[in-house]
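Asks: Below you'll find the structure I mean.
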Amino acid sequence: MSKAFNNWKVVLLSLLGATTFWFFNALNKSYDARISYPIEFVFERDSVVIMKPLASTISIDVSSGGWNLLRKITVNTNPVQVELDNPTEIGFYTRSSLQPIVSDQLSELKINYLVTDTVFINIEEKKTKTVRLIVDSLKVDLAENHRMVSPVTIDPDTIQIIGPKSFIDTIGSTYTLGIPTRGISSNFDREVEVKLEGGKLTSSIPLEVNAKFRVDKFERQSIEIPVEVQNVPRDTAYYIDRESVQVFYTVRSSQKEDYSPGDFAITTDLFLMDKEDSTVMAILVYHPEEIIEIDVIPEFLKVVPKTSQNALQ
């Protein structure tokens, strides 16, 4: 058993030696190869925005000794450096413009040709603009029957937006701050992130601001109000077909109270009767200041002859 093991050990050592000899012998030969080699664009990055990622490698067809190729691929992989003096004015590098740069920096290799045809460059000038923040109250998501009852206060109300020139130039003097919270049912006082349409290519100073506004619940109410008729001729043969109308209104829950008909006044004027349809408008003369969205139902009143069997007694 020990003798057999020793025989296999000798065989394995022989194979290892032969393989090592073949490997080193192969590296002494010259080869043609297509390699992917790192490339680096050198420029002042603080004043520009890279709109799309720059190429990190280029494909090159080369000829060289095996040892040199192995060293270039596995050990010495300093990237080919391309100097960009005016990065915002260069849109691309063609194969013909890259070839001399690559050949100069990889002089240990014979560059047969560049497989990569064109390397595109999309870099823009970085620009900063100061804008005033606003909130579109119509886009604030409030709970059902709730409304904003104060202006929105933003602190600070001005920010700096930093990004590519093409985006910054589209921004006016104001920028709309989005309120991401949904179903707001109480007073709002929170830090809100400034989210920019330019995405990751843009930033703001500061990144967050405080937004504050008051919210209250509103309710729909109604009350019946008598109609006061104006300019009724003594000998008139007409009258209004109803003595009262319904007034619908919306009011804050915190200000809700039981109103009386005396808090409202509805009038109509027979001199203003539309002779085509014999109607006059019910006019709301006054109402409590805190109510909103007022509707008078019906808005127009029918004028009928006194000879009608429905005349008021």
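Asks: Can you tell me which residue within the stretch 63-84, out of those that are modelled with pLDDT of 90 or more and loosely packed, with under 15 Cβ neighbours inside 10 Å, is nearest to the chain's Cα centre (by Cα)?
Replies: Among residues in the stretch 63-84 that are modelled with pLDDT of 90 or more and loosely packed, with under 15 Cβ neighbours inside 10 Å, the one nearest to the chain's Cα centre (by Cα) is 83.
Asks: Looking at residue 132 and the list (1) within 22 Å of residue 212 (Cβ to Cβ); (2) modelled with pLDDT under 95; (3) among the charged types (D, E, K, R), which single condition is not satisfied?
Replies: The failed condition is (2).
Asks: Follow-up. Just need a number here: residues in the stretch 137-162 that are at pLDDT below 95, surrounded by 11 or more Cβ atoms within 10 Å (Cβ to Cβ) and within 19 Å of the chain's Cα centre (by Cα).
Replies: Going through the stretch 137-162 one residue at a time, the tally reaches 1.
Asks: Right, something else. Return the only residue of 253, 203, 222, 260 being loosely packed, with under 15 Cβ neighbours inside 10 Å, polar (S, T, N, Q) and in contact with a Leu (Cβ under 9 Å, 6 or more places away or on another chain).
Replies: Values: 253 fails: in contact with a Leu (Cβ under 9 Å, 6 or more places away or on another chain); 222 fails: in contact with a Leu (Cβ under 9 Å, 6 or more places away or on another chain); 260 fails: in contact with a Leu (Cβ under 9 Å, 6 or more places away or on another chain).
Residue meeting the stated conditions: 203.
Asks: Here is a follow-up. Restricting to the stretch 121-157, what's the tally of residues that are closer than 21 Å to residue 171 by Cβ, aliphatic (A, V, I, L, M) and in a strand (DSSP E or B)?
Replies: Looking only at that region, the number is 5.
Asks: Kindly indicate which of 284, 272 is surrounded by fewer than 13 Cβ atoms within 10 Å (Cβ to Cβ) and of a type in the set (A, V, I, L, M, F, W, C). Outline the logic, then answer.
Replies: Numbers: 284 fails: surrounded by fewer than 13 Cβ atoms within 10 Å (Cβ to Cβ).
Result of the check over 284, 272: 272.
Asks: Would you mind telling me which numbered condition in (1) on the phi < 0 side of the Ramachandran plot; (2) in contact with a strand residue (DSSP E or B) (Cβ under 7 Å, 6 or more places away or on another chain) residue 145 fails?
Replies: Residue 145 satisfies all of (1) on the phi < 0 side of the Ramachandran plot; (2) in contact with a strand residue (DSSP E or B) (Cβ under 7 Å, 6 or more places away or on another chain) except (1).
Asks: Another question, if that's okay. Would you pick out the residues in the stretch 79-121 that are more than 10 Å from residue 58 (Cβ to Cβ) and of a type in the set (S, T, N, Q)?
Replies: 81, 86, 88, 94, 96, 97, 99, 103, 105, 107, 112, 118
Asks: Another question, if that's okay. For residues that are loosely packed, with under 14 Cβ neighbours inside 10 Å and either touching a strand residue (DSSP E or B) at 6+ places or on another chain (Cβ under 9 Å) or farther than 24 Å from residue 51 by Cα (or both), tally how many sit in the stretch 167-177. Talk me through it step by step, then tell me what you get.
Replies: Filtering the stretch 167-177 down to residues loosely packed, with under 14 Cβ neighbours inside 10 Å leaves 169-170, 172-174, 176.
Narrowing the set further to residues that are either touching a strand residue (DSSP E or B) at 6+ places or on another chain (Cβ under 9 Å) or farther than 24 Å from residue 51 by Cα (or both) leaves 169, 172-174, 176.
Going through the stretch 167-177 one residue at a time, the tally reaches 5.
Asks: Given the criteria among the polar types (S, T, N, Q), surrounded by fewer than 11 Cβ atoms within 10 Å (Cβ to Cβ) and free of Cβ contacts under 8 Å to residues at least 40 places away in the same chain, does residue 107 qualify?
Replies: Against the criterion (among the polar types (S, T, N, Q), surrounded by fewer than 11 Cβ atoms within 10 Å (Cβ to Cβ) and free of Cβ contacts under 8 Å to residues at least 40 places away in the same chain), residue 107 qualifies.
Asks: Could you check how many residues of the stretch 161-186 are over 20 Å from residue 199 (Cβ atoms) and either acidic (Asp, Glu) or not in a strand (DSSP E or B) (or both)?
Replies: 6
Asks: Since residue 195 meets every condition but one in (1) in a strand (DSSP E or B); (2) under 15 Å from the mean Cα position of the chain (by Cα), which condition does it not meet?
Replies: (1)
Asks: Residues that are at pLDDT 85 or above, of a type outside the set (A, V, I, L, M) and under 30 Å from residue 181 (Cβ atoms): which strands (runs of 3 or more DSSP E) entirely in the stretch 199-260 hold 1 or more of them? Write out each step before concluding.
Replies: Values: elements: 203-205, 208-213, 215-230, 238-240, 244-252.
Filter on the stretch 199-260 gives 203-205, 208-213, 215-230, 244-252.
Asks: Next up: Just name the residue that is modelled with the highest pLDDT out of those in the stretch 269-313 that are outside any loop (DSSP other than H, G, I, E, B) and of a type in the set (Ser, Thr, Tyr). Steps first, please.
Replies: Step one: list which residues in the stretch 269-313 are outside any loop (DSSP other than H, G, I, E, B), which gives 269-272, 274, 279-281, 283-286, 292-297, 300-305.
When the remaining residues are screened for being of a type in the set (Ser, Thr, Tyr), the result is 279, 286.
Details: 279: 89, 286: 92.
Ranking the qualifying residues of the stretch 269-313, first place goes to 286.
The values are calculated or read from the model by the stated rules, or taken from the named source; none is laboratory data. What you are looking at is a predicted structure, and each value in this text was computed from that prediction instead of being measured. Note that we place each Cβ from the backbone using ideal geometry, even for glycine, and neighbour counts take in every protein chain shown.
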